[in-house]
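Every number in this text was worked out from the coordinates using simple rules, so none of it is lab data. Computed from a predicted structure; not experimentally measured.
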Amino acid sequence: MTKRKKRVGITGGIGSGKSTVCAVFRLLGIPIYDSDARAKHLMATDAALISALRNLLGTEAYNSEGHWNRAFFAKKILNEPETAQSIEAIVHPAVAKDFEVWASSQPTNVPFLLREAALMIEANATKGLDALIVVLADESVRLRRVLERDPHRTQADVELIFKKQLSDSAKIQHATHLIRNDHSEMLLPQIIRVFNHIQQGES
């Protein structure tokens with residue numbers, strides 16, 4: 001019987017620098033499943049998911065060529081909480097199933113698998129994980145990063161996203177490992193320490 005690979009989640013608020021941390025884990029040989037990227041891929045390619053989203057949102061969700069309307073989805077998610085919950089109820093199970101397929105295809109000799117998601121705790125996607133890394137950064141740092149990275153966003157847009165995500169203090173309650181990514185501590189030693197703890201099965 002194939003031994004189950006250890007599964008670790010990594011999350012953090014927008015602008016916390018999850019992608020930077022994940023890039024280091026990737027260099028350490030850890031396979032990474034990007035939940036947000038895969039959700040977008042599935043929303044554009046999975047026929048059953050597309051059908052369910054069209055039934056929920058109407059014809060404006062996808063154009064005549066079958067491409068999903070990202071601006072339309074973003075507006076719904078930001079401005080209509082009940083619709084956002086309905087979208088998540090359709091998309092999250094599809095992503096969870098996709099993750100299981102991905103996990104079963106990974107090499108058996110890796111120390112663990114890493115699943116990255118911005119809304120992992122909010123989506124109740126921590127079940128089945130052996131550990132959870134939360135990446136932290138002060139809100140002012142996160143705001144600056146997002147505005148520099150996404151010039152199309154306004155400060156009001158980013159602050160609205162902050163309000164829709166759990167606070168860092170709330171995320172910490174779910175974490176088994178913390179990584180601070182705002183230059184208050186050196187980043188690489190923190191990642192190496194967490195890598196070693198997870199590899200050795202420590203909390």
Nearest 10 degrees, 0 to 90: helix 18-27 Cα axis against the chain principal axis: 50
Percent antiparallel among DSSP beta bridges confined to the chain, rounded to 5, stands at 5
Let me have the relative contact order for the chain, percent, based on Cα pairs under 8 Å that are six or more residues apart. 36
Which of the lysines could a cross-linker bridge to residue 40, judged by Cα under 17 Å and excluding same-chain residues fewer than eight apart? 75, 76, 97
Gap in Å between the Cα centre of the stretch 182-203 and the Cα centre of the stretch 1-52? 19
Using only the Cα atoms of the stretch 55-203, each taken as one equal point scatterer with no solvent, compute I(q) by the Debye sum, divide by I(0), and report log10 of the ratio at q = 0.18, 0.21 Å⁻¹. -1.31, -1.43
For residue 164, the aspartates and glutamates lying under 15 Å Cα to Cα, once residues fewer than eight places off in the same chain are dropped, come out as 80, 82, 88, 122, 139
Compactness relative to 2.2 N^0.38 Å, alpha carbon Rg of the stretch 38-90: 1.02
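So what's the back-of-envelope 222 nm ellipticity for the chain, counting only DSSP H runs of four-plus at -39500 (n - 2.57) apiece and dividing by all residues, rounded to 500? Please report the intermediate quantities before stating the final value.
Values: 9 runs with 105 residues, N = 203.
Rounded to the nearest 500, it is -16000 deg cm²/dmol.
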First check a/c for the stretch 74-161, with a ≥ b ≥ c the square roots of the eigenvalues of its C-alpha gyration tensor; if it is under 1.5, answer rounded, and if not, answer prolate when a/b is larger than b/c or oblate otherwise. oblate
Residue by residue through the stretch 134-151, the couplings from Karplus 6.51 cos²θ - 1.76 cosθ + 1.60 with θ = phi - 60°, in Hz, x for Gly and Pro, are 10, 8, 10, 7, 4, 4, 5, 5, 5, 4, 4, 4, 5, 5, 6, 6, 10, x
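Considering Cα pairs under 8 angstrom that are at least six residues apart, work out the relative contact order of the stretch 30-147 and quote it in whole percent. List each step's numbers first, then the result.
Numbers: 78 pairs, mean separation 45.6, N = 118.
RCO, the stretch 30-147: 39 percent.
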Could you grab the relative contact order for the stretch 38-90? Cα pairs under 8 Å, six or more apart, rounded to a whole percent. 28
Filtered hits (lysines, Cα-Cα < 17 Å from residue 18, offset >= 8 within chain) -> 171
